[in-house]
1. Please work out if Ile4 is near the ligand (Cβ under 10 Å from one of its atoms), touching a strand residue (DSSP E or B) at 6+ places or on another chain (Cβ under 8 Å), closer than 24 Å to Leu113 by Cα and part of a strand (DSSP E or B).
2. Has region 166-177 got any residue that is within 24 Å of Pro95 (Cα to Cα) and buried (at least 22 other Cβ atoms within 10 Å of the Cβ)?
3. Name the pairs: first residue in region 55-67 and closer than 13 Å to Gly104 by Cα, second residue more than 8 Å from the ligand (Cβ to nearest atom), Cβ to Cβ under 6 Å, at least 6 apart or on different chains?
4. Can you tell me which residue is nearest to the ligand (Cβ to nearest atom) among those in region 121-139 that are in contact with a strand residue (DSSP E or B) (Cβ under 9 Å, 6 or more places away or on another chain) and over 16 Å from Gly158 (Cα atoms)?
5. Looking at (1) part of a loop (DSSP other than H, G, I, E, B); (2) crowded, with 17+ Cβ neighbours inside 10 Å, which one does Asp215 not meet, given that it meets all the others?
6. Which residues, counting only those in region 185-221, are of a type in the set (D, E, K, R) and within 16 Å of the ligand (Cβ to nearest atom)?
7. Just name the residue that is surrounded by the most Cβ atoms within 10 Å (Cβ to Cβ) out of those in region 13-45 that are assigned to a helix (DSSP H, G or I) and more than 17 Å from the chain's Cα centre (by Cα).
8. On the basis of being within 11 Å of the ligand (Cβ to nearest atom) and either farther than 17 Å from Leu34 by Cα or not assigned by TED's automatic domain parsing to the domain that holds Asp33 (or both), does Val66 make the cut?
Amino acid sequence: MDKILVTGGLGFIGSHTVVELQNEGYEVVIIDDLSNSSEKVLDGIVAITGKKPVFEKLDLKEKDKVEAFFAKHSDVKGVIHFAASKAVGESVNEPLKYYENNIGTLVYILKELRKLPSAGFIFSSSCTVYGQADELPITENAPVKQAESPYGNTKQIGEEIIKDTCKVSPNLKAIALRYFNPVGAHESVEIGELPIGVPQNLVPFITQTAIGLRDELSVFGEDYPTPDGTCIRDYIHVVDLAKAHVIALKRLLEGKNKSSYETFNLGTGTGSSVLEVIKSFEKVSGKKLNYKVVGRREGDIISAYADTDKANNELGWKTGLSLDDAMRSAWKWECKVRGK
Ligand SMILES: NC(=O)c1ccc[n+]([C@@H]2O[C@H](COP(=O)([O-])OP(=O)(O)OC[C@H]3O[C@@H](n4cnc5c(N)ncnc54)[C@H](O)[C@@H]3O)[C@@H](O)[C@H]2O)c1
């Protein structure tokens, strides 16, 4: 079976994708520098799949090491590139860290892929490229808006770099997957999301509050022009998201892509408000969440959810898991991590 490199393969989405790749029989090599993950994640992957992927602890910012890796693994057929720094707020204060880690590493990898006889490349992009879209649901044709943060900018620039590189590299085919809001954990709870410090995202903040790690959850604003006044997002189960990567990769390896560079939205197509997510959590956990509505937070987009037609019809991928499934697994994972 083809050898696939997964960068950032010990992180949240990467680890779930490694599981799906191994379940499909791919030979997986992981690169991760453990800057936002732990080597223990490998044990979880083994517990689920019974197979240990090759792991190289390597910082992709070290160009020489990236070159040496590809010299050793010149039989790599595909790369799924998750490795990046992802804290939006931090990126505002440390833009160069983000440009170096998210752009520099991408360039080094693409340079090596250009040397291979053929390669498929999957890029972790984000719905942040759309900003507050003028029309909902958001299609892939919606205009890319001025990025709100250096992090968001790295996704926009990253997509441009890949597109330009594909134009001049007949051996290279790429897909940028624009994720909406990944949540949940593998049903086995052998792997899940492990945010370091204060969680940036709603769902880990909810589960950490419910387990007693945080006093209360702040809901930022209830006067938005949405049915219940709170912001709306498209929460996608991480296992569904992981499966989409395997399908996208196969599309490239089997030459089914329509052009050398394609983009797909990965979301459920349904928007859920902050209060709906809280209700889902309370229903599946049987716990009352301590939350308080406070003022709006600067920079928050009101509403974003995906038009999934292209992913459903063109990629042949559909979500199978619900928001309740995601909240149930996220809660089970939080309980396991905290030993409760
Ligand atoms: N989680 C989200 O909400 C979300 C949404 C949209 C897009 N994305 C993108 O998806 C990708 C994966 O996100 P995630 O949530 O799994 O993040 P994560 O932080 O859990 O995983 C990223 C992994 O990459 C590793 N890494 C970072 N820099 C590295 C480097 N220089 N060399 C080697 N390894 C490095 C980290 O140690 C970590 O294990 C990222 O590119 C992120 O920007 C995430």
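The values are calculated or read from the model by the stated rules, or taken from the named source; none is laboratory data. What you are looking at is a predicted structure, and each value in this text was computed from that prediction instead of being measured. All Cβ positions, even for glycine, are placed from backbone atoms using ideal geometry, and neighbour counts span all protein chains on display.
1. Values: near the ligand (Cβ under 10 Å from one of its atoms): no; touching a strand residue (DSSP E or B) at 6+ places or on another chain (Cβ under 8 Å): yes; closer than 24 Å to Leu113 by Cα: yes; part of a strand (DSSP E or B): yes.
No: the conditions fail for Ile4.
2. Yes: one or more hits.
3. Leu60/Val66; Lys61/Gly104; Lys63/Tyr108; Val66/Tyr108
4. So the first thing to find is which residues in region 121-139 are in contact with a strand residue (DSSP E or B) (Cβ under 9 Å, 6 or more places away or on another chain), and the list is 121-130, 132-133, 136-139.
From the residues that got through so far, the ones that are over 16 Å from Gly158 (Cα atoms) too are 132-133, 136-139.
Working: Gln132: 16, Ala133: 16, Leu136: 18, Pro137: 17, Ile138: 14, Thr139: 18 Å.
Ranking the candidates gives Ile138 first.
5. Going through the list (1) part of a loop (DSSP other than H, G, I, E, B); (2) crowded, with 17+ Cβ neighbours inside 10 Å, Asp215 breaks only (2).
6. Glu190, Glu193
7. If we take residues in region 13-45 being assigned to a helix (DSSP H, G or I) and more than 17 Å from the chain's Cα centre (by Cα), then Ile45 is surrounded by the most Cβ atoms within 10 Å (Cβ to Cβ).
8. no
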